[in-house]
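The structure under discussion appears below in the form of C-alpha cells.
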Amino acid sequence: GSKLIGFVTSREAIPDLLKLDDVIDLVVPRGSNKLVSQIKDSTKIPVLGHADGICHVYIDKAANINVAKKIVKDAKTDYPAACNAMETLLVHKDLAGNGGLNELAAELQKQGVQLYGGPKASVLLKISEAKSFHLEYSSLACTIEIVDDVFAAIDHIHEYGSSHTDCIVTEDSKVAETFLHQVDSAAVFHNASTRFCDGARFGLGAEVGISTSRIHARGPVGVEGLLTNRWVLRGNGQVVDGDRSMIYTHKDLQVKA
C-alpha cells in the first residue's frame, strides 16, 4: 500500500514526529551519539538504541600475542567510526614487562592509530594521557591502559564502558569464562574482534538497530527481535472460576514442517 511507508525528508519534521506517541510505538535512531541522545531526551515514545559504543579489548597475560595483534588491529582499524570498534585497549600488567605491550602499541601505530594512555600506560609508552576513559573516538585513535588482572579489567569495563561489545584475548579458558560470564555487555567475545557484533553477521537478517538496554531487545536487533506476542485462545465455554478443579497442561501446538 502507498501509505505503509512514510519518509521524513527534513530534520525539521523530526520534532513533530517524536510527539506522535499515540500512533508510533517505537523509535529506532541510527546515527551519532548526539542524535540518539537528543531523541531520547525529546520524546515519550520508547527508544531502542545506544548513545555510546565504548568497546574494550582486554589482552590477558595468557594471550597469544600474534592473535592479540591481529584482533586489536581489526577491532580498531576495520571501520573506526562503527559503534563496535575498539575504543579502549586493556593490557595485563605482565605484558608491560615482557614486551607485549610495546608490540601491541607498535602494531596500532603502524596502522596510523593515535594512542592515548591511562595514568599507567601513558608513562610507560610516553604518550599523551587520555582526557577520559569514557570516550568514544570513532576515528583512528584509542586509549590504552594497564590492569592487574581479569577482575580489574571487568571492573574497568563496568565503570567506563557502555555495555556494547567487549572482548578478551587469552589462551586460558578459565579466565575467558570468568570474563564472558561477568562482563555485563550486550556482546562478549573470546579471541575474536569486536567488529563481529552485527545483525547480519549474527544471522538476524538486516540489522534494524542495536540496543544496550536490558529491556526488551538487547544487542543487534533484526525484525524478529522487534516482534511482540499476541495470545489467541480457542475454547468451548471454559471459565476460570478461581482455578477450582483446574489443572493446566502446557505443550507445543505448533505444527512442525
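The values are calculated or read from the model by the stated rules, or taken from the named source; none is laboratory data. Every value quoted in this text rests on a predicted model; they were computed, and no experiment measured them. Virtual Cβ from ideal backbone geometry, glycine too; neighbours counted across all protein chains shown. Quick note on the areas: whole protein, heavy atoms, side chains included, nothing else; ligands and nucleic acids left out. Shrake-Rupley method; radii C 1.70, N 1.55, O 1.52, S 1.80 Å.
For the reader, a short list of remarks on this structure follows.
- Restricting segment 12-27 to residues that are open to solvent by 90 Å² or more (accessible area, probe 1.4 Å) and under 29 Å from Arg214 (Cα atoms) leaves a set whose member that is nearest to the chain's Cα centre (by Cα) is Asp25.
- A count restricted to segment 221-257 and to residues that are β-branched (Val, Ile, Thr), under 41 Å from the mean Cα position of the chain (by Cα) and open to solvent by 80 Å² or more (accessible area, probe 1.4 Å) stands at 5.
- Residue check, Leu4 surrounded by 12 or more Cβ atoms within 10 Å (Cβ to Cβ), out of contact with any His (no Cβ under 9 Å at 6 or more places or on another chain), over 30 Å from Glu177 (Cα atoms) and outside the structural domain of Leu180 (by the TED database): no
- Every residue from segment 96-120 that is surrounded by 13 or more Cβ atoms within 10 Å (Cβ to Cβ), over 20 Å from Ile71 (Cα atoms) and among the small types (Gly, Ala, Ser): Gly118
- Selection within segment 56-76 - under 10 Å from Arg195 (Cα atoms) and not aliphatic (A, V, I, L, M): Asp74, Lys76
- Residue that is modelled with the lowest pLDDT [pool: residues in segment 46-70 that are farther than 22 Å from Asp155 by Cα and crowded, with 18+ Cβ neighbours inside 10 Å]: Gly49
- Subset of segment 57-95 [of a type in the set (D, E, K, R), closer than 20 Å to Val183 by Cβ and either touching a Leu at 6+ places or on another chain (Cβ under 8 Å) or part of a helix (DSSP H, G or I) (or both)]: Lys61, Asp74, Lys76, Glu87
- Annotation: Arg218 fulfils all but one of (1) under 18 Å from the mean Cα position of the chain (by Cα); (2) over 15 Å from His164 (Cα atoms); the unmet one is (2).
- Residue within segment 21-41 that is in contact with a Pro (Cβ under 9 Å, 6 or more places away or on another chain), among the small types (Gly, Ala, Ser) and outside the structural domain of Lys110 (by the TED database) present: no
- Only listed residue being at pLDDT below 95 and at negative phi, chosen from Ala187, Ala130, Ala106, Ala200: Ala200
- Applying the condition of being open to solvent by 40 Å² or more (accessible area, probe 1.4 Å) and not in a helix (DSSP H, G or I) to segment 28-45 and asking which residue is farthest from Ala141 (Cα to Cα) yields Lys44.
- Of all the residues in segment 119-170, those that are part of a helix (DSSP H, G or I) and under 22 Å from Gln109 (Cα atoms) number 7.
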